[in-house]
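The values are calculated or read from the model by the stated rules, or taken from the named source; none is laboratory data. Note that this is a predicted model, so its numbers are computed, not measured. Positions of Cβ are backbone-derived with ideal geometry, glycine not excepted, and every protein chain shown enters the neighbour counts. The area values use the complete protein model at the heavy-atom level, side chains included, leaving out ligands, DNA and RNA. Shrake-Rupley method; radii C 1.70, N 1.55, O 1.52, S 1.80 Å.
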2 protein chains.
Amino acid sequence: MVTIREVAKAAGVSVATASRALNGLSIVTAETRAKIEAAAAELNYVPHSGARSLTRRKTDAIGVILPDLFGEFFSEMIRGIDMAVHGAGKHLLLGNMHGSTEETVLAIKSMRGRVDGLLVMPPNSRAESLGDAATWQIPTVLLNAQPQNGDIPFVSVDNYSGARMVTEHLIDRGARKIVHISGPASNRDASERMQGYRDVLRERLSDTHPIILPGNFREDAGRNAAQLLLNRDFEFDAVFAANDMMAVDLMAELTRAGVRVGHDVLVAGFDDIPLARYISPQLTTVHSDITRLGSSAAMMLLRLLNGEALGADAGITISPTLAVRASTTGASA
Amino acid sequence: MVTIREVAKAAGVSVATASRALNGLSIVTAETRAKIEAAAAELNYVPHSGARSLTRRKTDAIGVILPDLFGEFFSEMIRGIDMAVHGAGKHLLLGNMHGSTEETVLAIKSMRGRVDGLLVMPPNSRAESLGDAATWQIPTVLLNAQPQNGDIPFVSVDNYSGARMVTEHLIDRGARKIVHISGPASNRDASERMQGYRDVLRERLSDTHPIILPGNFREDAGRNAAQLLLNRDFEFDAVFAANDMMAVDLMAELTRAGVRVGHDVLVAGFDDIPLARYISPQLTTVHSDITRLGSSAAMMLLRLLNGEALGADAGITISPTLAVRASTTGASA
DNA sequence: TTGAAAGCGCTACCAG
DNA sequence: CTGGTAGCGCTTTCAA
């Protein structure tokens, strides 16, 4: 591992000068610089970013902590983040996540000294259980979560109104017995979506009870729900799944059982993952522009790191839109 | 930012002792340790991993450099890598990629001092154009690429035999005029797949010429190819796309135009991305287990970092299998 | 068992 | 414009 010291020696200058030349600081004679660059090239010198960040107190990396890496939701998110971050010439450090709050806290801690800022998507609804921003001591933007103690910037989706939109839409399409497949109980997105569903039902279908099947945002929950619905001979004419992943597998299962989705039963999801357009019938869903969610959060963090004090817009709530497709209209593919 | 020095002072010990206690080195009295831990907790001390890696010459992070972040191929890959790496308690540093060889070289360089090892997926066929392993000076495993100068370990898929399998299968299913949609010209996977197609055609359908449409592994290429095929009134009864992404969009476009995929035209892809099973008809494709590809490479790197000299198995070539589905059998969904 | 001190590789300050 | 030098925060000999 050749260090800057060896380059300096080879070029016959001090390390200070070598450093300046290599970093493009203009206060170096053209010929000194040439000598240094030649030596660096000769020795195949590559700067040690770790050491550099220690002195500069700046790592040019930002950390991303996600609860999972499964499915298109997260990959789209990462892609969005990368888009914003790449423009700023920074690296992306993916934290070890896999779930629990404790692990997340650990992941956050292990990021200190490695990154300049953090993008954190809490595994469950209580962001503050991660310890508050003051504890982390590092600029942070929350992904898809709102801090109780409103002092951490965040970017999130308006789950509640999104859920309302789908539910209203299903009713408009004639559905009267709408089943909801929920997300994990502790998940904030999930509970907001459920609340939207409940409220619309109460307002517009006051004579019926909500029917809620437990889910977990994973595909198997979709399949299980389908089985449940099929076996129990439930009365239902529409299903609103708390996310697309579950909706997609639910649909597949229903179709397999001979149910004509879009006609016999309407199905809708939430998130608008790419897959939603590819399946047949295409899935009606709430379009949240996940990629943009990621890049917005990243840009916000970038501004934060730039010293900008983002006042009013320290919290962005993205309003989703309804993407109406064949799974609720019965239009032919 | 509280440092270990402050913790030591608060506990009334030297930084050396503090360091030892905090790192669980047993050569510390129980009571000294208690004092130190109390102080650390009190001050909310979090170790600075950057500084630590400088002295220990070990970062506990591995770098991943991919040419792109688009589509399920890469996300599955990252997921596979993460699975292996998480077990080892290491972080994942995603390099800035977005394409060109120069950018990739830069990305690799900027990883020095940040990571202990590298997983690199070269943007094009010539891995050695990245400068050889000796230049990087850092343990590296190549993803989905074989080095010319055989001294860098790698994990790759046997594209050639995979392509042969699909092509044979299409012929077995009765296809006689098989169109191939290729990947990027400079891409090694792409050219190997094309070669497999060519060879089988020559061997078994010597009276027909290969028909090759240019592609780029992106969905738009699939759509474009479909248009081309439809407009030109080509003679064709099967399409083998160099990856699933293109196959999927091609299929969608054909279906929209009234072509019955699986009957009028057989379609097959390569990779077996999750999406392949969800579309209708399900896509026949070459199953490469991308996730495993990623985790194998990561585990290989981990062993390398562990000082193990992986002799014979310094290069793994994963043999793909054929996943026959409705897009080439016409079986009902 | 503990402390002092020498770095890890680099940047930045202060003189010259 | 260039060189010496003091750290960045931490680990790790080497003595005590």
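Of all the residues in segment A:170-220, those that are within 18 Å of residue A:160 (Cβ to Cβ) and among the β-branched types (Val, Ile, Thr) number 5.
Of all residues in segment A:321-333, those that are open to solvent by less than 50 Å² (accessible area, probe 1.4 Å) and out of contact with any helix residue (DSSP H, G or I) (no Cβ under 9 Å at 6 or more places or on another chain) total 3.
Flag: residue B:189 matches the condition of being crowded, with 22+ Cβ neighbours inside 10 Å and at pLDDT below 95.
Name every residue in segment B:305-320 that is surrounded by fewer than 20 Cβ atoms within 10 Å (Cβ to Cβ) and in contact (Cβ under 8 Å) with a residue 40 or more places away in the chain, in order of residue number. It would help to see each step written out before you state the result.
Just the residues of segment B:305-320 that are surrounded by fewer than 20 Cβ atoms within 10 Å (Cβ to Cβ), to begin with: B:305-319.
B:305, B:310, B:314, B:315, B:316, B:317, B:318, B:319, listed by residue number.
Checking each residue in segment B:194-210 for being closer than 27 Å to residue B:119 by Cβ and open to solvent by 10 Å² or more (accessible area, probe 1.4 Å) picks out B:194, B:195.
Do any helices (runs of 4 or more DSSP H) lying entirely in segment A:1-51 carry at least 2 residues that are under 43 Å from the mean Cα position of the chain (by Cα), more than 14 Å from chain B (Cβ to nearest Cβ) and near DNA strand D (Cβ under 8 Å from one of its atoms), and which ones are they? Result: A:15-22.
Out of A:112, A:79, which single residue is basic (Lys, Arg), more than 16 Å from DNA strand C (Cβ to nearest atom) and closer than 30 Å to residue A:276 by Cα?
A:79
Could you please find all residues in segment B:81-100 being more than 17 Å from residue A:79 (Cβ to Cβ) and surrounded by 17 or more Cβ atoms within 10 Å (Cβ to Cβ)?
Initially, segment B:81-100 is screened for residues more than 17 Å from residue A:79 (Cβ to Cβ), giving B:83-91, B:100.
Result: B:83, B:84, B:85, B:86, B:90, B:91.
Tallying residues that are farther than 23 Å from residue A:318 by Cα and assigned to a helix (DSSP H, G or I) within segment A:154-205 yields 6. Filtering segment A:1-52 to residues that are under 26 Å from residue B:138 (Cα atoms), among the hydroxyl-bearing types (Ser, Thr, Tyr) and free of Cβ contacts under 8 Å to residues at least 12 places away in the same chain leaves only A:49. All of (1) on the phi > 0 side of the Ramachandran plot; (2) away from DNA strand D (no atom under 11 Å from the Cβ); (3) open to solvent by 20 Å² or more (accessible area, probe 1.4 Å) hold for residue B:113 with one exception: (3). What are the residues in segment A:151-199 that are more than 23 Å from the chain's Cα centre (by Cα) and over 18 Å from residue A:243 (Cβ atoms), if any? Within segment A:151-199, A:168, A:171, A:172, A:173, A:174, A:175, A:176, A:177, A:199 qualify.
Residues in segment B:52-77 that are more than 7 Å from chain A (Cβ to nearest Cβ), aliphatic (A, V, I, L, M) and part of a helix (DSSP H, G or I): B:77 only. If the condition is being more than 7 Å from DNA strand C (Cβ to nearest atom) and open to solvent by less than 50 Å² (accessible area, probe 1.4 Å), then segment B:25-43 contributes B:36, B:39, B:40.
Only one entry in A:53, A:19 is within 16 Å of DNA strand C (Cβ to nearest atom), in contact with a Gly (Cβ under 6 Å, 6 or more places away or on another chain) and of a type outside the set (A, V, I, L, M), namely A:53.
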